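Shown next, in structure tokens, is the structure this report addresses.
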Amino acid sequence: MVSTQDNSHGVIESLQSEVGSFPAPPAFAEAAQFGPEIYDEAKADPVAFWAKQAKSLHWHKPFTQTLDWSNPPFAKWFEDGEINLAYNCLDRHVLAGNGDRIAIYWEGEPGDKRAISYTELLSEVKRAANLLTSLGIHEGDRVAVYLPMIPEAVISMLAIARIGAVHSVVFGGFSAESLRARIDDAQAKLVITADGGWRKGKVSPLKPAVDDALAIASDAELSVKNVLVVRRGENDIAWEEGRDLWWDEEIALVDNEHTAKGFPAENPLFILYTSGTTGKPKGILHTSGGYLTQASFTHKAVFDLRPESDVYWCTADIGWITGHSYVVYGPLANGATQVIYEGTPETPNWSRWWEIVERYGVTTFYTAPTAIRSFMKQGRAVAQQNDLSSIRLLGTVGEAINPEAWLWYREVIGGGSAPIVDTWWQTETGAIMVSPLPGITATKPGSAQVPIPGISVDVVDDNAKHVGNGNGGLLVVTQPWPSMLRGIWGDPQRFIDTYWATFGDKYFAGDGARLDEDGDIWLMGRVDDVMNVSGHRLSTTEIESSLVSHPSVAESAVVGAHDETTGQAVVAFVILKRNQTVINDGDQASAILKAHVGSQIGAIARPRQIIIVSELPKTRSGKIIRRLLKDVAEGREVGDTSTLADTLVMQTISDKIK
Ligand code: PRX
């Protein structure tokens, strides 16, 4: 069968002739909420199209201007409107008489369960909003959220939004060091965490990382005044009187009445840090009205959402953009019923996810290709032990899905008929940008296909020229979109340099893509020094900086090498300092340096492989040629070495691997 890791033209063509495309089942297409005319409507006047979508939200004060693009690349959407995101996600559903509808079926990893109605969720968010206010959090203040996948994570985010403050959610897998950098950059006043969360059958502690992160800064420079701790793991934790507070004790003291007020549509909603090509994570800034407009529209259209009957499940953690847009804001704005599961898919065994699908009758399931490939490895029998017949739609996100995995997903999880939406987007885009619409587009395994209505993208060459069907180039967004990032927190110049410097008037996302003969888009991976491990972005530079911060390391070069399960894996080439005596070449060095990166950045950044070398391949001007290292890491013949200062280096490295 075909390998999609090789996205070359020949492969795509042969694949298409082999498996073709899959029109939606007729009954699905007939019942779909949107028909093909939505593309025409959006194309005729994209700005009016978005204004119409925005009007399906509740505005405390209606907007009169849709888009202000007079100062590109700084867009303003719905600027004179006032909106409250929590009100849109909760109050209006309750007021519409849907308060009894379940908002969240939550399941903890140990098996504990909660079904939370919209009325209950609203009440908890109101209390939490009052609690935040009582702790001195006001409009515009930043709050760091470092929580496991428990209801309080969603409650915290919505409570922060409700009072016009700004959340910065930090993935629970990130280390104290990463957490500290994010708290400092955003100057957060409050951290919300837990005394642990369940992962792989154990309590993974979170509070100690918060303690360590805050211990590094002196009291005088510390922006954080309080740490609010949710009781979940029940493990022993250190406690700082005056600073640390138990969530349950504090929330019991506040009222559950709270009136949501409107805030300007361009008020910051959240900062979410992501990796770029340099070592310093970027605080991607999103604002309110435009973000919710596109998150809710795409959630409705791409997942053909029926709030009355669907049970939706997106497996992403709230620490990533997918969790923000398609666990919190999109589904709740649409009044959906969804599943949230705390733990890992293999705990206590690989049936866990499928038991959850059966238990709650999940209809719509959204996950990452890396997870699908992990399940493929277990064999179809594992997934087929449960009744998955409730599923009517599948989605993927995070990286290109290889056609084998796509076909397996459709066959084994989707009962051979569920449409699959392959959704391309980024932390920066805030919401889905390229994806089939399930009742309209005949889907093609491995291709994200077409921009959603209202979005304009192109594939261009280095001179910004459209490449034409059958050719590859760079994926760009050519018109502003409602949920676009509004900047990088505290660094407007970096925003311009990173995304707009290449083409001036087009947003360059960093991904290569190719157009097939039908004009459908096939994503071909990053063209910069960003890796994609299990659908998560990691920067080569960030990991290299971490490695050289170890006292025994002189130099390092990191590449993303193809990995069957995770898409890419981190492979690091390291030169040890000549006089260091702390670590030996071989296993010991490897174990120590892997642990070092794990503790500095987080477990996701741990290299799969550390290769100790005595030289790195460099040009005469000293630039490391990672391409050659990637050849070695992927076991290929090493490419052209003619630009190397020392052409023998690659021979030495290749010999070492053998
Ligand atoms: O390279 C693309 C890849 O993930 C990157 C964005 O990563 P992040 O900001 O962490 O957001 C991930 C979830 C939206 C993109 O630049 N990517 C995301 N979705 C796809 C994808 N690559 C191919 N196909 C996709 N569907």
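The values are calculated or read from the model by the stated rules, or taken from the named source; none is laboratory data. Computed from a predicted structure; not experimentally measured. Note that we place each Cβ from the backbone using ideal geometry, even for glycine, and neighbour counts take in every protein chain shown. Ligands, DNA and RNA are excluded from the accessible area calculation, which covers all protein heavy atoms including side chains. Shrake-Rupley method; radii C 1.70, N 1.55, O 1.52, S 1.80 Å.
Figures for the structure shown
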| item | result |
| --- | --- |
| Residue in region 346-354 that is of a type outside the set (S, T, N, Q), within 16 Å of the ligand (Cβ to nearest atom) and buried (at least 19 other Cβ atoms within 10 Å of the Cβ) present | no |
| Residues of region 41-52 classified as open to solvent by less than 80 Å² (accessible area, probe 1.4 Å) and part of a helix (DSSP H, G or I), total | 8 |
| Residues of region 408-418 classified as away from the ligand (no atom under 16 Å from the Cβ) and surrounded by 17 or more Cβ atoms within 10 Å (Cβ to Cβ), total | 5 |
| Hits in region 283-303 - residues which are open to solvent by 10 Å² or more (accessible area, probe 1.4 Å) and within 12 Å of the ligand (Cβ to nearest atom) | none |
| Positions within region 633-658 being touching a residue at least 40 places away in the same chain (Cβ under 8 Å) and either acidic (Asp, Glu) or under 19 Å from Thr540 (Cα atoms) (or both), in sequence order | Ala633, Glu634 |
| Matching option when the condition is part of a loop (DSSP other than H, G, I, E, B), touching a Gly at 6+ places or on another chain (Cβ under 7 Å) and within 26 Å of Tyr312 (Cα to Cα), among Ser447, Ser483 | Ser483 |
| Checking Val457 against (1) more than 10 Å from the ligand (Cβ to nearest atom); (2) closer than 28 Å to Glu346 by Cα; (3) open to solvent by 10 Å² or more (accessible area, probe 1.4 Å), the condition it does not meet | (2) |
| So Gly470, is it in contact with a helix residue (DSSP H, G or I) (Cβ under 8 Å, 6 or more places away or on another chain), of a type outside the set (A, V, I, L, M) and open to solvent by less than 20 Å² (accessible area, probe 1.4 Å) | yes |
| Which numbered condition Lys55 misses (of (1) open to solvent by 60 Å² or more (accessible area, probe 1.4 Å); (2) in contact with an Asp or Glu (Cβ under 9 Å, 6 or more places away or on another chain); (3) among the basic types (Lys, Arg)) | (2) |
| Residue ID - surrounded by the fewest Cβ atoms within 10 Å (Cβ to Cβ), chosen from residues in region 423-453 that are within 12 Å of the ligand (Cβ to nearest atom) and among the β-branched types (Val, Ile, Thr) | Thr427 |
| Qualifying residue in region 523-532 (condition: within 13 Å of the ligand (Cβ to nearest atom), touching a helix residue (DSSP H, G or I) at 6+ places or on another chain (Cβ under 6 Å) and not hydroxyl-bearing (Ser, Thr, Tyr)) | yes |
| Matching residues in region 248-282 - criterion: being open to solvent by less than 20 Å² (accessible area, probe 1.4 Å) and more than 19 Å from Asp141 (Cα to Cα) | Thr274, Ser275, Gly276 |
| Identity of the residue in region 547-598, among the polar types (S, T, N, Q) and open to solvent by 50 Å² or more (accessible area, probe 1.4 Å), that ends up nearest to Ile625 (Cα to Cα) | Ser549 |
| Check on Val548, at pLDDT below 95 and more than 19 Å from the chain's Cα centre (by Cα) | yes |
| All positions within region 371-398 that are farther than 23 Å from Pro331 by Cα and within 16 Å of the ligand (Cβ to nearest atom) | Arg373 |
| Neighbours by Cβ (under 8 Å, 6+ apart or cross-chain): first from region 20-39, more than 9 Å from Pro419 (Cβ to Cβ); second among the acidic types (Asp, Glu) | Ala32/Asp304; Gln33/Asp304; Phe34/Asp304 |
| Matching residues, region 517-537, being open to solvent by 30 Å² or more (accessible area, probe 1.4 Å) and part of a strand (DSSP E or B) | Met524, Gly525, Arg526, Asn532, His536, Arg537 |
| Those residues of region 155-192 which are acidic (Asp, Glu) and open to solvent by less than 10 Å² (accessible area, probe 1.4 Å), in sequence order | none |
| Tally of residues being over 16 Å from His58 (Cβ atoms) and either of a type in the set (Lys, Arg) or assigned to a strand (DSSP E or B) (or both) across region 258-268 | 1 |
| Matching entry among Thr540, Thr502 (being buried (at least 19 other Cβ atoms within 10 Å of the Cβ), within 15 Å of the ligand (Cβ to nearest atom) and of a type in the set (Val, Ile, Thr)) | Thr540 |
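Let's see how each residue does on (1) among the charged types (D, E, K, R); (2) under 27 Å from Pro492 (Cβ atoms); (3) open to solvent by less than 20 Å² (accessible area, probe 1.4 Å); (4) within 26 Å of the chain's Cα centre (by Cα):
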residue: Trp69; (1), (2), (3), (4): no, yes, no, no
residue: Arg92; (1), (2), (3), (4): yes, no, no, no
residue: Asp100; (1), (2), (3), (4): yes, no, no, no
residue: Pro110; (1), (2), (3), (4): no, no, no, yes
residue: Ile116; (1), (2), (3), (4): no, no, yes, yes
